[in-house]
Amino acid sequence: TVSRLQPFTSTIFAEMSALAASTGSINLGQGFPDTDGPPAMLAAAQQAIADGVNQYPPGPGIAELRQAIAGQRAAEYRQPFDPDSEVLVTVGATEAIAAAMLGLVESGDEVIALEPFYDSYAAVIAMAGARLVPVRLRPDSSGRFALDPDELAAAVTDRTTVILLNTPHNPTGTVLTAQELEAVAALAISRDLLVVTDEVYEYLTFDAAAHLPIGTLPGMAERTVSISSAGKSFNVTGWKIGWACGPAPLIGAVRAAKQFLTFVGGAPFQPAVALALRDELDWVRGMAKGLQSKRDRLCSGLRDAGFEVTVPQGTYFAVAGIDRLAAPGEDGAAFCRSMPERCGVVAVPQQVFYADAGPDGPGARYIRFAFCKRDQVIDEATDRLASAD
Ligand code: GLN
């Protein structure tokens, strides 16, 4: 492995899912749902295969899907995008993020990301030869992981070119507020920065929290690349259909990188996702409502088992503090590795989402659980946790 990728040789999700499989544990680690997406969407993909939609689609994605993405952004957020020059279909949000970094960031640049950060960010920033500068979300008095605008402003240097945002935020469950986003926008405008915003959990918000795309704030459309994916909204994480939207010059740069990463992807899934974006958003809203009760189910079960729980405002993850349960000196990574044997449940250590992933790092006393699972699975998991040794 080359030196710039040495810190990134295996992902925690692969490691923990393999552990769940080899021990027969309930997997609340890697985030993927255990029920299917809207039936009409599934049928459309099957029909597309039967109809011979099995060869390379056009480079930027099929027109029908780009139109559906532009239609969804316009309808949900009044965010206008030209489907031909301002929308790019990618192989999941993962590729959109990678292509954005490779296409928009010079080697030696600094990219600011909210910490804890989704694991692919550090790896693709390194692939671009750039430096990740973390700005930490910190628990406020209510336990919500909040953004401090002063800390963000202090992280900007003459080398900063991009702020890589993520809201709703994995792994903390924070949904950035209008105030927090306005502070990011003001800074981006005053320091002439681009914003790449990962919004894959755009529909998965709870209670009064609502997703506000930063690209809709004044002065932001021309400097924002907005990224999302069908995986989280339509329960098809394995389809790997994602997209990036933004002004033509920025999307052109992302496309320049994307075409040599994968060229294109997912021909028969593209018309199915187009159908879902047009016709199945009520299904998504219903699913998100169901997730809110799953969230409450998991959080109360975790509390009963002795964890300190931060109730997430969005995503399908909940962060739990292990202070009352861990052995002296045991960090989240060791705690997660021992869970399959102690109780047959798998979670993900929060510390892997921090630049300092060590046992004394800022995430070492937290672990992350996914709740995009059937109720009986959540109940069985929390029962097992409650009766762990
Ligand atoms: N996004 C999912 C998570 O955070 C899993 C992604 C992956 O396996 N790379 O759990």
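The values are calculated or read from the model by the stated rules, or taken from the named source; none is laboratory data. As the structure is a computational prediction, the values presented were derived from the model and not from experiment. All Cβ positions, even for glycine, are placed from backbone atoms using ideal geometry, and neighbour counts span all protein chains on display.
All of (1) surrounded by fewer than 19 Cβ atoms within 10 Å (Cβ to Cβ); (2) touching a Pro at 6+ places or on another chain (Cβ under 6 Å); (3) among the acidic types (Asp, Glu) hold for residue 115 with one exception: (1). Filtered by the rule that a residue be more than 17 Å from the chain's Cα centre (by Cα) and among the charged types (D, E, K, R), segment 335-372 gives 337, 341, 342, 356, 360, 365. On inspection, residue 108 passes the criterion of being over 16 Å from the mean Cα position of the chain (by Cα), under 30 Å from residue 154 (Cα atoms) and not polar (S, T, N, Q). Taking strands (runs of 3 or more DSSP E) as the structural unit, those lying wholly within segment 290-389 and holding at least 1 residues that are over 30 Å from residue 123 (Cα atoms), outside the structural domain of residue 123 (by TED's automatic domain parsing) and in contact (Cβ under 8 Å) with a residue 12 or more places away in the chain correspond to 308-310.
When segment 137-151 is filtered for residues that are surrounded by 18 or more Cβ atoms within 10 Å (Cβ to Cβ) and either within 29 Å of residue 106 (Cβ to Cβ) or of a type in the set (S, T, N, Q) (or both), the ones remaining, listed by number, are 137, 147. The condition of being within 30 Å of residue 91 (Cβ to Cβ) and more than 21 Å from the chain's Cα centre (by Cα) holds for only one of 129, 103, that being 129. Close Cβ contacts (under 7 Å, 6 or more residues apart or on different chains) running from residues in segment 108-122 that are more than 17 Å from residue 96 (Cα to Cα) to residues that are charged (D, E, K, R) comprise 108/159; 109/159; 110/131; 110/159; 115/136.
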